[in-house]
Amino acid sequence: MSRPFISLCMIVKNEAERMEACLQSARDVVDEIIVTDTGSTDGTIDICRSMGCSVDSYEWDDSFANARNAGIARATGEWILWLDADEELDTDESGQLHEFVMAIHADTAALKVLNEMDGFVYSCPQIRLFRNDIGYQFVRDIHERLQPPAGKQDTPEAPLLPVTVHHHGYAEKVVEEKEKSKRNIRLLEREKAQAEYDPWCDYHLASEYSRLQQWERAFELINLAVTGFLEQGKLPPALVYKLKYDTLIRHGSLKGIWPGIDKVLQLYPDYVDLYFYKALYLLDQGLLLEAYYEFEKCTRMGDNSWKYVTLRGVGSNYALYYMSICLEKMGRPVEAQATLEAAGIRRSLSDQVLTTQA
């Protein structure tokens, strides 16, 4: 019997409402499904077994990394794909997953992840596939990440495959149902107290406090993260700066964006979200023509980059909407109306755009 090519590995708990949709999206493109259940009481296990999954119970120890590693230890495929129960593969794109993976010369591959959050959609590339049996493991109890085996030589950069993962887990209702922020903060605070300092810990804490609308605490933590990266001789990732400026905007502190954002744009000149934030600042300051040109620049950059975490629309409809606002304020109503019609969105989205979350 030939060895499975792709093993899907998942960790789950009480996901009966979402489990079937997730498995249906993946079952025809993977060769085995390994489910690690951490204490379901709602029928999740029965659904998994009815759909041909291999299910194993795992005593939850407050570590997502440990649970994931328990699952991949049982996988027999040449490659491992990991998903969560609140995610689905885009079935229009995933049919050729085997062929895409067979062409890979690296040890890992990224997929296109679309995160739905409070009415917005964020896009980002994320490593979701890796070769089995060469020592890859997950690390960190919360916001776990994949770590290569010790001493492994550099391999080609992970390719981005043309397959999309739709993630629904941070819709506002789900966050409230599972009290994810409360859980995440507890695990992150424990990690920060016990482990060698990692600036990513402060970043993730800032993200949780931002989600809870505790803006001052979020801003304090994101600044600690920036300082932490710099003190370690590392360039703060673009995502860290995105959260910093997003927090300022949501707090109503647009003036705090300037002048630092121009320096950050020198570091990340191809990050459309940063230009959008700069344009919002210029608009807030009444610099209408300057703001218009920055929003126009966003439309030229577009929404199709998968290099960073990006709010879908800042390179298209949202930017066009604000261009129409600039035109209207400049006394050009006909052009403003034409731009608004091109955007195809309602004026009421203005407040929503100004309260986005990274």
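The values are calculated or read from the model by the stated rules, or taken from the named source; none is laboratory data. Predicted, not measured: the structure shown is a model, and the values here were computed from it. No Cβ is skipped: glycine too gets one built from the backbone with ideal geometry, and neighbour counts run over all protein chains shown. When the accessible area is computed, the model is the full protein with side chains, heavy atoms only, and any ligands, DNA or RNA have been set aside. Shrake-Rupley method; radii C 1.70, N 1.55, O 1.52, S 1.80 Å.
Is it the case that residue 110 is within 20 Å of residue 239 (Cβ to Cβ), of a type outside the set (D, E, K, R), at pLDDT 90 or above and in contact with a Pro (Cβ under 7 Å, 6 or more places away or on another chain)? I'd like the intermediate steps shown before the answer.
Values: within 20 Å of residue 239 (Cβ to Cβ): yes; of a type outside the set (D, E, K, R): yes; at pLDDT 90 or above: yes; in contact with a Pro (Cβ under 7 Å, 6 or more places away or on another chain): yes.
For residue 110, the condition - within 20 Å of residue 239 (Cβ to Cβ), of a type outside the set (D, E, K, R), at pLDDT 90 or above and in contact with a Pro (Cβ under 7 Å, 6 or more places away or on another chain) - is met.
For region 194-222, give me each residue that is among the polar types (S, T, N, Q) and open to solvent by less than 60 Å² (accessible area, probe 1.4 Å).
Filtering region 194-222 for residues among the polar types (S, T, N, Q) gives 194, 207, 210, 213-214.
207, 210 - these are the residues of region 194-222 that are among the polar types (S, T, N, Q) and open to solvent by less than 60 Å² (accessible area, probe 1.4 Å).
What number of residues within region 21-41 satisfy the criterion of being more than 24 Å from residue 142 (Cα to Cα) and touching a helix residue (DSSP H, G or I) at 6+ places or on another chain (Cβ under 6 Å)?
Looking only at that region, the number is 1.
For region 90-126, name all the residues that are open to solvent by less than 30 Å² (accessible area, probe 1.4 Å), closer than 22 Å to residue 65 by Cα and not hydroxyl-bearing (Ser, Thr, Tyr).
Taking region 90-126 as the starting set, the residues that turn out to be open to solvent by less than 30 Å² (accessible area, probe 1.4 Å) are 94, 97, 101, 104, 106-111, 113, 117, 120, 122-124.
Within this subset, residues satisfying the condition of being closer than 22 Å to residue 65 by Cα are 107-111, 113, 124.
Residues satisfying the conditions are 107, 109, 110, 111, 113, 124.
State whether one or more residues within region 328-335 are among the β-branched types (Val, Ile, Thr), open to solvent by 40 Å² or more (accessible area, probe 1.4 Å) and modelled with pLDDT under 95. Spell out the reasoning first.
Taking region 328-335 and keeping what is among the β-branched types (Val, Ile, Thr), we get 334.
Imposing the further condition that a residue be open to solvent by 40 Å² or more (accessible area, probe 1.4 Å) reduces the set to 334.
Those left that are additionally modelled with pLDDT under 95: 334.
Scanning region 328-335, I find at least one residue that is among the β-branched types (Val, Ile, Thr), open to solvent by 40 Å² or more (accessible area, probe 1.4 Å) and modelled with pLDDT under 95, so the answer is yes.
Of all the residues that make up region 254-299, how many are out of contact with any helix residue (DSSP H, G or I) (no Cβ under 8 Å at 6 or more places or on another chain) and over 17 Å from residue 327 (Cα atoms)?
Looking only at that region, the number is 5.
Looking only at region 1-16, how many residues end up being hydroxyl-bearing (Ser, Thr, Tyr) and either over 14 Å from residue 36 (Cβ atoms) or in a helix (DSSP H, G or I) (or both)? Before you say what the answer is, go through the steps one by one.
Just the residues of region 1-16 that are hydroxyl-bearing (Ser, Thr, Tyr), to begin with: 2, 7.
Filter once more, so that each one left must be either over 14 Å from residue 36 (Cβ atoms) or in a helix (DSSP H, G or I) (or both): 2.
Number of matching residues: 1.
Which of the numbered conditions does residue 351 fail, given that it passes all the others? Conditions: (1) modelled with pLDDT of 90 or more; (2) in a helix (DSSP H, G or I).
Residue 351 satisfies all of (1) modelled with pLDDT of 90 or more; (2) in a helix (DSSP H, G or I) except (1).
Can you tell me which residues in region 271-300 are surrounded by fewer than 23 Cβ atoms within 10 Å (Cβ to Cβ) and among the β-branched types (Val, Ile, Thr)?
Residue satisfying the conditions is 299 alone.
Which residues, taken from region 227-276, are part of a helix (DSSP H, G or I) and either touching a Ser or Thr at 6+ places or on another chain (Cβ under 7 Å) or at positive phi (or both)?
Selection gives 243, 246, 247, 250, 272, 273.
Determine, yes or no, whether residue 134 is closer than 15 Å to residue 64 by Cβ and at pLDDT below 95.
Working: closer than 15 Å to residue 64 by Cβ: no; at pLDDT below 95: yes.
No; evaluated as a whole, the condition is false for this residue.
The rows are residues; the columns are (1) open to solvent by less than 40 Å² (accessible area, probe 1.4 Å); (2) within 30 Å of residue 188 (Cβ to Cβ).
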site	(1), (2)
26	yes, yes
29	yes, no
34	yes, yes
55	yes, yes
72	yes, yes
78	no, no
82	yes, yes
